[in-house]
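The values are calculated or read from the model by the stated rules, or taken from the named source; none is laboratory data. Note that the structure is a prediction, hence the values are computed from the model and not measured. Cβ coordinates were reconstructed from backbone atoms using ideal geometry, including for glycine residues, and neighbour counts include every protein chain displayed. The area values use the complete protein model at the heavy-atom level, side chains included, leaving out ligands, DNA and RNA. Shrake-Rupley method; radii C 1.70, N 1.55, O 1.52, S 1.80 Å.
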Amino acid sequence: MKEKNAFIFFNCDEEKSQKSMNVFYNKEIFRDLKVSRKALFAKIEEELAAGRIHAKEEDIPAIRDAILNGNPTDASAYIQYGTILSFPIV
């Protein structure tokens, strides 16, 4: 049986340090479902628009592709002041 994962977006410092990730601030959990992945990408777009995270304009397609079609955690490499972590669902 394939392990199911959930994804959480965290605002964080530039080093993506664990201590800068606040589960009380970022408490929205995105399941590994098409609709949830779309919601996760919408969350990234919202954070970008608000200026809370940064990403180069040319990296947006790679971020979108990783979240919608690949491994959402891969999008973290393109995001400054934000990261996406994966957690197994039991």
Note: the chain, point scatterers on Cα, Debye, no solvent; log10 I/I(0) at q = 0.11, 0.16, 0.22 Å⁻¹ equals -0.27, -0.58, -1.10
Heavy-atom accessible area of the range 5-88 with neighbours in place, 1.4 angstrom probe: carbon+sulfur share in percent works out to 54
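Based solely on its DSSP helices, what 222 nm [θ] is calculated for the chain when runs of n ≥ 4 H residues each add -39,500 (n - 2.57) and the sum is averaged over all residues, nearest 500 deg cm²/dmol?
Calculated mean residue ellipticity at 222 nm is -9500 deg cm²/dmol.
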Heavy-atom accessible area per residue of the chain, all protein chains kept, 1.4 Å probe, expressed in Å², is 65
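For a quick check of your reading of the filter: which trypsin sites (Lys or Arg not before Pro) in the range 30-83 sit in a DSSP loop and have no more than 14 other Cβ atoms within 10 Å?
Listed in order of number, the matching sites are Arg52, Lys56.
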To the nearest 20 debye, the chain has a Cα-centred charge dipole, built from +1 on Lys and Arg Cβ and -1 on Asp and Glu Cβ, of 480
The chain: relative contact order from alpha carbon pairs under 8 Å, six or more residues apart, as a whole percent, is 41
The chain: longest segment with zero exposed chymotrypsin sites (Phe, Trp or Tyr not before Pro), where exposed means DSSP loop plus at most 10 other C-beta atoms within 10 Å, is residues 26-90
Partner lysines whose C-alpha sits under 22 Å from that of Lys27, ignoring same-chain residues fewer than 8 away, are Lys4, Lys16, Lys19, Lys38, Lys43
